[in-house]
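For reference, the structure discussed in these notes is given below.
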Amino acid sequence: MDRFMEIAIEEARKGIHAGHGGPFGCVIVKDGEMIGRGHNEVILQKDPTCHGEIMAIHNACKNLGSFDLSDCELYTTAEPCPMCLGAIRWANIRKVYYGCNISDTDSIGFRDQQFYTEPADILEEIDRKECLELFREYHDIENKIGY
Ligand SMILES: [Zn+2]
């Protein structure tokens, strides 16, 4: 068994027995070394965005002092949801290893499957002109750091 997945499972196990949230743990690795870890804390933090991957990304970024996790790999006990996959891409993580798949997650009562198939019918564009003004303002700031 993979040693980093073993730590991810330990993280998840710690979380479920402490009542922090679902059985999801995550580890982030750079150059063969663990630089971040986390588990689902949705219940503990009363925050629906506190998935294991997000917590591990926070931890890794804090430890590295950077929002850029290029050259990092992520190990997670379950296939990342769309929110986490988005965060993983924003962090430039190059490889993701997961244990359980979306169907497995669905079978223990989580809603992942619905987020992959549901159209984004909650979206509506408003006040684009004013928001574009903000974009122009940002565009004109010199020496800003790009994402
Ligand atoms: Zn997630």
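Yes or no: residue 126 open to solvent by 100 Å² or more (accessible area, probe 1.4 Å), more than 14 Å from the ligand (Cβ to nearest atom) and either among the β-branched types (Val, Ile, Thr) or over 26 Å from residue 14 (Cβ atoms) (or both)? Yes, satisfied. Listed conditions (1) surrounded by fewer than 14 Cβ atoms within 10 Å (Cβ to Cβ); (2) under 21 Å from residue 23 (Cβ atoms); (3) in contact (Cβ under 8 Å) with a residue 24 or more places away in the chain are all met by residue 90, apart from (2). Within segment 129-147, restricting attention to residues that are free of Cβ contacts under 8 Å to residues at least 40 places away in the same chain and aromatic (Phe, Trp, Tyr), which residue is least open to solvent (accessible area, probe 1.4 Å)? Among residues in segment 129-147 that are free of Cβ contacts under 8 Å to residues at least 40 places away in the same chain and aromatic (Phe, Trp, Tyr), the one least open to solvent (accessible area, probe 1.4 Å) is 138.
The values are calculated or read from the model by the stated rules, or taken from the named source; none is laboratory data. The structure presented is a predicted model; accordingly, all values stated were derived computationally and were not measured. Neighbour counts run over all protein chains shown; Cβ positions are idealised from the backbone, glycine included. In case anyone asks, the SASA skips ligands and DNA or RNA and just uses the protein heavy atoms, side chains included. Shrake-Rupley method; radii C 1.70, N 1.55, O 1.52, S 1.80 Å.
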